[in-house]
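Accompanying notes for the structure given below.
The values are calculated or read from the model by the stated rules, or taken from the named source; none is laboratory data. Note that this is a predicted model, so its numbers are computed, not measured. Glycine also receives a Cβ, built like all others from the backbone with ideal geometry; neighbour counts cover every protein chain displayed. In case anyone asks, the SASA skips ligands and DNA or RNA and just uses the protein heavy atoms, side chains included. Shrake-Rupley method; radii C 1.70, N 1.55, O 1.52, S 1.80 Å.
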Amino acid sequence: LRVFVWVIACITCFGNLFVICMRSFVVTENRQHTMAIKSLCCADCLMGIYLFFIGAFDLKFSGEYNKHAQVWMASIQCQLVGSLAMLSSEVSVLLLTYMTLEKYLCIVFPFSHYGAGKKRTLAMLVIIWLLGFSLTLIPFWCRDAFGDYYGRNGVCFPLQSDETERPGARGYSTGIFLGKNSAGQ
């Protein structure tokens, strides 16, 4: 696992940066779609950065994680790294949903004048990123309801739900991961 976290982080970051560079230099007819793909690559690249941080902290605590586990999970670094992963995953799901709906409407209604222009696409991308940041930051704003939302496990990602988790955090996680992400797909 220690090796694969670095391999996946490198592939994720460099692959997405490659796509961003290629999409920037190759001129296409559908520039709005290119903007959405570049935005998706940025969101996915954040997951690679998250993996680099997890790998770096794994090296830092190598062989002694149990001694530092509670301090790590309560640290601001864990909170920030976890929020970065959540931002990446939520923005990716929202962008994929937007791009799918956009293509669906173009296929189902080929002769309509629906085609999203540059301003509409840019506005949707801004809204998606703002929504992603909002969903990610809510647990920081409501510490009483969420507790250590991002610090409940060693990878700092709020995937688990158990009896010790606060009801507000459990409902939020369920709503995000099952509700929003399921509806988005």
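Quick rundown of the values:
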item	result
Free-standing Cys residues across the chain, given no other cysteine C-beta under 4.7 angstrom	10, 13, 21, 41, 42, 45, 106, 142
Sum of side-chain charges, residue 83 neighbourhood, beta-carbon under 15 Å (Lys, Arg +1; Asp, Glu -1)	0
Per principal axis, descending, Cα span of the stretch 116-160 in whole Å	43, 21, 11
Cα-only radius of gyration and Dmax that characterise the chain, units Å	18.7, 64
Relative packing of peptides 27-33, 167-173, 61-67, 98-104 - highest average C-beta neighbours within 10 Å first	167-173, 98-104, 27-33, 61-67
Over the stretch 95-169: Rg over Rh, Cα atoms, Kirkwood Rh	1.20
Per residue accessible area of the stretch 53-185, 1.4 Å probe, in Å²	58 Å²
Size of electric dipole in the stretch 1-99: Cβ of Lys, Arg +1 and of Asp, Glu -1, about Cα centre, debye, nearest 20	120 debye
Rg to Rh quotient for the stretch 1-82, alpha carbon positions, Kirkwood Rh	1.16
Hits among aspartates and glutamates - C-alpha to C-alpha of residue 119 under 15 Å, sequence gap 8 or more where chains match	102
Student exercise, the stretch 68-159 dipole from Lys, Arg, Asp, Glu Cβ charges, in Debye to nearest 20	320 debye
Estimated dipole of the chain in Debye, rounded to 20 [Cβ of Lys and Arg +1, of Asp and Glu -1, Cα centre]	520 debye
Viscosity 0.692 mPa s, temperature 37 °C, Stokes-Einstein D of the stretch 52-155 from Kirkwood C-alpha radius, µm²/s	201 µm²/s
